[in-house]
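Below you'll find the structure, written out as structure tokens, and then a few comments.
Every read-out reported here was derived from the displayed coordinates using simple, explicitly stated rules and does not represent laboratory data. Given the structure is predicted, the values throughout are model-derived calculations rather than measurements. Quick reminder, even Gly has a Cβ in these numbers, built from the backbone with ideal geometry, and neighbours come from all protein chains shown.
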Amino acid sequence: MSLRLETKNALITGGASGIGRATALRFAQEGANIMVADRHLAAAEDTATQVRALGRKATAIRVDTSVEAEVAAMVARCTSELGGLDVLVAAAGISHARYGEEGTPAMGPLAEKPLTDWKKVLSVNLDGVFITDREVARAMIAAGRGGRIINIASGAAKLPTPGVGEYAVSKAGVWMLTKVLAVELAPYGITANAIGPGFIDTPMTANLKNAEGFMKRLIERVPLGRVGEPVDVANTALFLASEEGRYYTGSILHPDGGVVMQ
Ligand code: NAP
């Protein structure tokens, strides 16, 4: 049986950690070559090394996805080094879960929210995904062989989440961005879908996991009774990237153990 992403090239932002790294490795197991992009180059190199160990081509690149020129250069390298781009997984993002670490936005009600925190989250989680999608869409249209755009949103795109309002707004924005792109890019054979994970065990959520009583309260709200693993999201992305996912566009899929449906 042939591999599900044989001959495909994938760009994965946020590929140095968590969901992005798991997706890079899962895609590589299915035959894809990977451009691993992240603001942490050494960790991105580490993902790329693991991809190469699976027998695929991989390049690591340092990028801040909220900076237009860096994103344009990243996409240009996909063309020059991988020979084109078939799949984008836009996983680079920030949340409040690392509250207390330098540069992490504070949790708090919108009525007290500083504009700087609002702008910081929106600049990465929404502007960054828009810029990335736009550059990738241009490259895919120019290449004329279709493609798959997969944006990592969140269950917070649908669930009002007190204390992290700008995160929820950014993810709701990603979902609408995805739907507009789905309509606009359909004539080019390019699909655009979002993934809205529930709580996934990654470095992003490590602090929350250690907070007193947090996991017990969380798991009580998950019908399947456990938090997600990065590979649960990676498998969703794999489905959307593969031939089996070809008739999906403008959808949001929720690997979340049943939280959003309630
Ligand atoms: P993660 O382990 O922190 O990985 C995200 C990676 O993206 C990190 O290396 C991060 O660097 C990087 N990054 C952040 N901003 C960037 C930028 N502007 N340019 C380039 N790279 C950047 O987080 P994760 O849990 O895998 O999350 C991946 C995506 O899934 C995010 O969009 C997140 O919002 C979404 N998500 C996660 C969960 C969850 O429970 N984990 C649930 C729903 C949705 P830093 O470490 O420096 O930030």
message: Quick check for you: which residues of segment 179-222 have the amide N under 18 Å from the point 7 Å beyond the Cα of A42 toward its beta carbon?
response: 203
message: Can you compute 3J(HN,Hα) from phi for each residue in segment 106-114, using the Karplus curve 6.51 cos²θ - 1.76 cosθ + 1.60 with θ = phi - 60°, rounded to whole Hz and x for Gly and Pro?
response: 7, 7, x, x, 4, 4, 10, 6, x
- prompt: Binning every alpha carbon pair distance of the chain at 5 Å from zero, what are the percents per bin?
  reply: 1, 7, 13, 19, 21, 17, 12, 7, 3, 1, 0, 0
query: Summing -39500 (n - 2.57) over the DSSP H runs of n ≥ 4 in the chain and dividing by its residue number, what mean residue ellipticity at 222 nm do you reach, to the nearest 500 deg cm²/dmol?
result: -12000 deg cm²/dmol
- prompt: Along the positive direction of the dipole of the chain (beta-carbon charges: Lys, Arg +1; Asp, Glu -1; about the Cα centre), which of P203, P160, L181 reaches farthest?
  reply: L181
- prompt: Percentage of Cα-Cα pair distances in segment 196-237 greater than 17 Å, rounded to whole percent?
  reply: 30
- prompt: HN-Hα J couplings of segment 129-134 from phi, Karplus 6.51/-1.76/1.60, θ = phi - 60°, integer Hz, Gly and Pro as x?
  reply: 5, 4, 4, 5, 4, 4
query: Which FRET efficiency value, to the nearest 0.05, is calculated for R217 and E101 with the Förster distance at 22 angstrom and r the Cβ-Cβ distance?
result: 0.45
- line: Hydrodynamic calc, segment 136-261: Kirkwood Rh from Cα pairs, then Stokes-Einstein at 20 °C with viscosity 1.002 mPa s, so D in µm² s⁻¹ is 138
- request: Determine the dipole magnitude for the chain: charges of +1 sit on the beta-carbon of Lys and Arg, -1 on that of Asp and Glu, nothing else is charged, the reference point is the Cα centre, and the result goes in debye to the nearest 20.
  value: 320
message: Need one number: nm distance between label points at N207 and A53, each 7 Å from Cα along Cα→Cβ, rounded to one decimal.
response: 3.0
statement: Taking r as the C-beta separation of Y188 and E81 and R0 as 22 Å, the FRET efficiency to the nearest 0.05 is 0.45
In the chain, lysine pairs closer than 29 Å at Cα, eight or more apart or cross-chain: 23
- prompt: Taking Cα centroids, how far is segment 61-102 from segment 143-221 in Å?
  reply: 16
task: Starting with the highest mean, order 241-247, 15-21, 126-132 by the number of other Cβ atoms within 10 Å, averaged over the residues of each peptide.
output: 15-21, 126-132, 241-247
statement: For the chain, whose charge dipole is built from +1 on Lys and Arg Cβ atoms and -1 on Asp and Glu Cβ atoms, the candidate among T104, G20, V231 with its Cα farthest towards the positive end is V231
- request: Treating only the Cβ atoms of Lys and Arg (+1) and Asp and Glu (-1) as charged, compute the dipole magnitude of segment 152-245 about its Cα centre; round to the nearest 20 debye.
  value: 360
